[in-house]
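What follows is a set of notes on a single structure, which appears directly below.
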Amino acid sequence: MSYIGIDIGTSGCKAVVFDNDGIELASSYREYTVLRPFENWAELNSEDVLSKCFEVIKEVNSKVSVPVVAMGISSQGEAFTPVGENGKIIGNAMVSSDSRAVDLIPEFSNTFGEEKLYSITGHTSHPLFTLFKLIWVKQNQPKIWEDARYFLCFEDLLHLKLGIQPHISWPMAGRTMLFDVIKHEWSDDILSVIGLDKSRLANPVPSGQIVGKIEESKARELGFQNEVAVVSGGHDQTVAALGAGIVNPGSCMYATGTVECFCPILSKPTFSEQLRKNNLCCYDYTVDGSYTTVAYSLTGGNILKWVRNELGYEEKQKAETLDGNAYTFLLEKMPDDPTKLLVLPYFSATGTPYFDTKAKGAIIGLQHSTTKGEITKALLEGVALEMKLNLQLMEESGMCIDSFVATGGGTKNNAWTQLKADVLNKKVIVRNVNEAGCYGAALLAQSAVSDVPVKGLIRSFSQSDKVFQPDPVKAKEYEKKFESYKNLYPALKQFWSVNK
């Protein structure tokens with residue numbers, strides 16, 4: 001038997017089939033375009049997204065002979081789609097980076113109570129969350145608000161289009177800021193304030209639960225040869241963390257991609273005033289009874305893309321000539337030692353802990369002798385120092401992080417991964433999991449149909465692990481740099497407040 005994990009991201013979707021031993025049998029990927037018709041808007045055409053999802057499912061089915069018996073879904077958080085009667089999509093999905101609702105937050109938060117909102121949802125107010133986007137729809141698109149039978153995230157929207165009553169996993173529901181993460185139900189207090197009946201939302205269920213079978217004609221259309229169970233998955237970060245083997249407290253995923261993100265496993269809900277003030281959330285993890293937080297830099301790995309596009313002409317030309325990778329050539333020029341530059345890595349809005357949508361980046365210490373390699377490394381140091389700031393706040397709140405498991409494209413470069421270990425002064429493990437999100441979703445599917453706890457299904461990684469231990473000398477230098485880094489944001493914040 002085999003299992004499909006599908007990952008519905010912001011820029012594309014991927015389906016991967018795994019066998020009983022977690023070995024990849026086939027994969028398929030499709031991209032789609034984020035639409036930005038106006039300033040602060042970021043949308044996806046949900047019809048296009050679903051079409052691409054069906055394409056990747058059909059393609060992997062054509063590549064495997066082992067019967068697929070179950071499918072799990074990993075999905076980007078927060079984005080939702082209005083769906084009318086008869087399942088017709090009546091509007092685009094606002095993705096996380098859509099910030100059009102930012103001006104609606106103060107009135108709602110002040111009226112409802114920021115502390116009360118945090119105590120229910122485990123999150124602090126930000127325009128990325130579904131709650132504030134729905135308020136915007138109600139005020140600015142009243143016809144869509146009235147005509148929508150459902151407002152569905154992509155996990156539950158795919159259920160609907162597969163002929164299944166829509167269900168939403170607890171981790172996904174937690175990202176909406178409409179969900180009580182302790183009672184595990186939609187919050188009547190929040191829904192009543194915005195005038196939304198819970199019947200217009202999907203049914204919340206824990207991760208790893210069978211929510212239905214794919215409708216027979218749809219299954220044949222997608223290339224399935226037998227009955228296929230659909231299993232609740234989760235928010236993409238939590239599913240990828242599961243796929244990376246994060247099943248015991250003390251370990252934490254460090255995702256290196258477009259966004260850099262920490263996702264640990266917590267044995268119980270963790271709420272505190274310090275976490276709230278630093279915008280560090282708490283919501284359900286994909287292992288039953290466990291919780292997580294996410295700490296992230298929205299600039300993340302995109303900062304290296306900026307270097308390639310703006311400073312990497314030579315490396316791009318070399319890559320074309322030698323059929324190589326421009327990123328590899330850029331990273332080869334980094335000096336071995338920590339740089340003397342200090343970078344504030346806010347090339348887009350900040351993530352945690354500040355949630356500052358107006359922040360700007362800075363490179364401090366440039367001289368005529370500064371090289372491109374130093375700038376490249378300093379930018380990556382800046383992102384790593386930002387993540388170290390989040391780690392310090394997490395640990396000060398009682399979370400114990402012993403080691404990190406790194407995932408994402410950035411793990412392919414040893415120098416970059418070693419830099420993370422040195423800055424964090426923690427062990428960083430790289431595992432041989434190319435598609436952690438899809439693997440985590442497939443694990444949940446396999447667990448549900450085999451009735452084996454998901455912890456018991458994760459294959460052993462020890463023989464293929466790469467382990468990066470912090471260099472004591474460099475770690476000490478980065479500790480000194482970190483003390484300066486913590487003062488950089490407060491010192492420069494005044495700059496963008498007067499230069500809007």
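Summary of computed values
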read-out: Flag for T352 being within 29 Å of K476 (Cα to Cα) and surrounded by fewer than 18 Cβ atoms within 10 Å (Cβ to Cβ); value: no
read-out: Strands (runs of 3 or more DSSP E) wholly inside the range 1-106 containing at least 3 residues that are within 24 Å of the chain's Cα centre (by Cα) and surrounded by fewer than 20 Cβ atoms within 10 Å (Cβ to Cβ); value: 24-31
read-out: Some residue of the range 406-418 being among the aromatic types (F, W, Y) and outside any helix (DSSP H, G or I); value: no
read-out: Residue in the range 222-234 that is touching a Gly at 6+ places or on another chain (Cβ under 7 Å) and either on the phi > 0 side of the Ramachandran plot or at pLDDT below 95 (or both) present; value: no
read-out: Qualifying residue in the range 475-496 (condition: at pLDDT 90 or above and in a loop (DSSP other than H, G, I, E, B)); value: no
read-out: Scope the range 230-255; condition touching a strand residue (DSSP E or B) at 6+ places or on another chain (Cβ under 8 Å) and of a type in the set (V, I, T); matching residues; value: V230, V231, T238, V239, I246
read-out: Residue among I168, I182 that alone is within 14 Å of S75 (Cβ to Cβ), touching a Pro at 6+ places or on another chain (Cβ under 8 Å), among the hydrophobic types (A, V, I, L, M, F, W, C) and not in a helix (DSSP H, G or I); value: I168
read-out: Qualifying residue in the range 203-212 (condition: among the hydroxyl-bearing types (S, T, Y), in contact (Cβ under 8 Å) with a residue 12 or more places away in the chain, assigned to a loop (DSSP other than H, G, I, E, B) and in the same structural domain as D7 (by TED's automatic domain parsing)); value: yes
read-out: Yes/no for V423 being crowded, with 23+ Cβ neighbours inside 10 Å, under 21 Å from the mean Cα position of the chain (by Cα), β-branched (V, I, T) and part of a helix (DSSP H, G or I); value: no
read-out: Selection from the range 246-268 of residues that are assigned to a loop (DSSP other than H, G, I, E, B) and surrounded by fewer than 24 Cβ atoms within 10 Å (Cβ to Cβ); value: V247, N248, P249, G250, G257, T258, V259, I265, S267, K268
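The values are calculated or read from the model by the stated rules, or taken from the named source; none is laboratory data. Please read these numbers as outputs of a predicted model, since none were measured by experiment. Virtual Cβ from ideal backbone geometry, glycine too; neighbours counted across all protein chains shown.
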